[in-house]
Amino acid sequence: MCAIGSAGHANRAVDAGLAKRFHAWLMLKISETYEARSRERKLALFEDISGTVLEIGPGTGPNLKYYPANIYWIGIEPNPFMHVHLKAEAQRLGLPIELRGGSAERIEAEDGSVDAVVSTLVLCSVADLAHTFREIRRVLKPGGRFYFLEHVAARRGTALRSVQRLIRPLWSALGDGCQPDRETWSVLETAGFSRLEYEHFTMKIPITGPHIAGVAVK
Ligand SMILES: C[S@@+](CC[C@H](N)C(=O)[O-])C[C@H]1O[C@@H](n2cnc3c(N)ncnc32)[C@H](O)[C@@H]1O
């Protein structure tokens, strides 16, 4: 019994490792096209970012190139297969980085210790959205800003929304937990930030075209 149990556990661990490795490879593959389409919006979004910046789920590091040179950057990236790419990108840009453990739901940072938190294409995957927003508020200094750009659910009642719901299990398996039909904005609106400015927009990509981007202030 025990041996079978251990073997099953080991197989699941191997599967999880493979899924994470695949996701890192996939993000690297698609990031050039995605960044070409989101570059202008990200440059505008991150324009006034400063001080200590903590990015949750930075992946292979596509956002590093948008930041001003004088920031102090901390990353919380639970997929270890992303790290090699992230470090290579930071080195290419000459940006010192600090990688910490934890996750968006359990950020390894002191209360009120960072000026900004950044999240792009991460909130679709976190296990607990409300808890993640509480953690983001906790680590931000008073007046600190949360910058986000996220793909979200299509409008209810649309064909795209039905497709997003139907393919969710397969999408989630291939995308390391990504939920294509998450109404992220509705949780964000009640997350207790003192100010929230964001817009809905659509990117010309299949399935995950609907997006939100904006800033929430602690
Ligand atoms: C779709 S990728 C986006 C990567 C990068 N932010 C970008 O814009 O290309 C999602 C990232 O979120 C990370 N992630 C998933 N769940 C997370 C969690 N609970 N806490 C922190 N990061 C998480 C994944 O490991 C992955 O790097």
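No lab work stands behind these numbers, since they all come straight from the coordinates. Since we're looking at a predicted model, the values are computed, not measured. Every residue, glycine among them, receives a Cβ derived from its backbone with ideal geometry; neighbour counts consider all protein chains shown.
The table for this structure:
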| item | result |
| --- | --- |
| For the chain, calculated [θ]222 nm from helices alone, where every DSSP H run of n ≥ 4 adds -39500 (n - 2.57) | -13500 deg cm²/dmol |
| Placed amide H near TRP73: partners under 5 Å, 5+ positions off or other chain | VAL53, GLU98 |
| Cross-link table LYS29/LYS141; LYS141/LYS204; LYS65/LYS141, entries beyond 31 Å C-alpha to C-alpha | LYS29/LYS141; LYS141/LYS204 |
| Calculated FRET efficiency for the pair VAL163/LEU93, C-beta based, R₀ 35 Å, to 0.05 | 0.40 |
| Whole-Å distance, taken between Cα centres, linking segment 107-179 and segment 189-218 | 10 Å |
| Long-range amide H partners of ALA154 with built H, under 5 Å | none |
| Ranked ARG138, ARG155, criterion: other C-beta atoms within 10 Å, fewest first | ARG155, ARG138 |
| Pairwise label distance in nanometres, ALA127 with ARG106, each label 7 Å out on the Cα-Cβ vector | 0.8 nm |
| Formal net charge of residues neighbouring LEU26 (Cβ-Cβ distance under 11 Å; K, R +1; D, E -1) | +2 |
| Spin-label model distance (nm) - LEU170 vs LEU196, 7 Å beyond Cα toward Cβ | 3.3 nm |
| In sequence order, calculated HN-Hα J values of segment 124-137 (Karplus, 6.51, -1.76, 1.60; Hz; x Gly/Pro) | 5, 10, 5, 6, 9, 5, 4, 5, 4, 5, 5, 5, 4, 5 |
| Test item: Cα-centred dipole of segment 82-149, Lys/Arg +1 and Asp/Glu -1 on Cβ, debye | 120 debye |
| Full-stretch length increase - ILE207, ARG39 - with 0.36 nm per residue and alpha-carbon distance subtracted | 58.5 nm |
| Counting DSSP beta bridges with both ends in the chain, the antiparallel % (nearest 5) | 50 percent |
| Pairwise FRET efficiency - VAL217 versus PHE22, Cβ, R0 = 30 Å, nearest 0.05 | 0.25 |
| Cβ-based exposure ranking for ILE97, ILE56, in which fewest neighbours within 10 Å come first | ILE97, ILE56 |
| Exposure proxy order (Cβ contacts within 10 Å, fewest to most) of THR184, THR202 | THR202, THR184 |
